[in-house]
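Sharing a structure, written as structure tokens. Questions coming.
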């Protein structure tokens, strides 16, 4: 959304400063660029059709197929731990994913994490530490280095309160930096998708992808993993930078397979990180959800080949 505003302001400036045919050509090019951006982000406007249907309300408000998730890149160098502790204690998510957690962060959050029956803690001092905690039934959970060492990915097989199994993937790939391309980030994102592409149970993926939802890499992850995006038709939900999130970028992602329905999604308050927390409630409804939801992009040989090509760079 911010990109369109910037392009529009540039076009106005060009119209004022540059006159004649050169000015018209520049304006036409900027309008074309704005049109391309609008086409790419159109699905994330509120008036676009949704991909993930709303969950049905139950009389007592307690649906055992529903659960809450909370994801936050804490920003390792932020040493003001109290806002994050208060956030966890207030939200009490069924699934918690924290990223950039080093040992001081883990130590500071012990009281908040103690209420969770299952925890996976991989503190690292390189800004790629990870903490996973849940009170849902756990069949397996752990981190793997699917690309470079010490950049873990969380894989867990969980179940809802009524016993429906699903896979959970927590991602935090390395971001591109000046002078370095996006290969490391793209490789991790696509390897994560390929690892669960053929799983025949529902899947949920979330984390700080260091990439926007409509990029080629993230869209390929969505296609290969067989995911739907609950933000489509509801908004882009930008989370970065935290101080200007409403004008920022949706770098923190949430993807669901077609067996899920949607109850709510929120970008929460600034907790002194450079990212805002992402919180959602989803329901694993199975066949009723599949009948209501849109269909994931078809996984063809070309998409698999493109994903594999990214993992080999």
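The values are calculated or read from the model by the stated rules, or taken from the named source; none is laboratory data. Remember, it's a predicted structure, so these values are computed and weren't measured experimentally. Cβ sites come from the backbone with ideal geometry, for glycine too, and all protein chains shown count toward neighbours.
Quick check, is residue 54 out of contact with any strand residue (DSSP E or B) (no Cβ under 7 Å at 6 or more places or on another chain) and either within 30 Å of residue 150 (Cα to Cα) or not assigned by TED's automatic domain parsing to the domain that holds residue 285 (or both)?
no
Residue 63 is checked against (1) surrounded by fewer than 16 Cβ atoms within 10 Å (Cβ to Cβ); (2) more than 22 Å from the chain's Cα centre (by Cα); (3) modelled with pLDDT of 60 or more and fails just one. What number does that condition carry?
(1)
Check whether at least one residue in the stretch 191-198 is under 26 Å from residue 49 (Cα atoms) and crowded, with 20+ Cβ neighbours inside 10 Å, and report yes or no.
yes
Test each condition in (1) more than 16 Å from the chain's Cα centre (by Cα); (2) assigned to a strand (DSSP E or B); (3) surrounded by fewer than 22 Cβ atoms within 10 Å (Cβ to Cβ) for residue 246 and report the one that comes out false.
Going through the list (1) more than 16 Å from the chain's Cα centre (by Cα); (2) assigned to a strand (DSSP E or B); (3) surrounded by fewer than 22 Cβ atoms within 10 Å (Cβ to Cβ), residue 246 breaks only (2).
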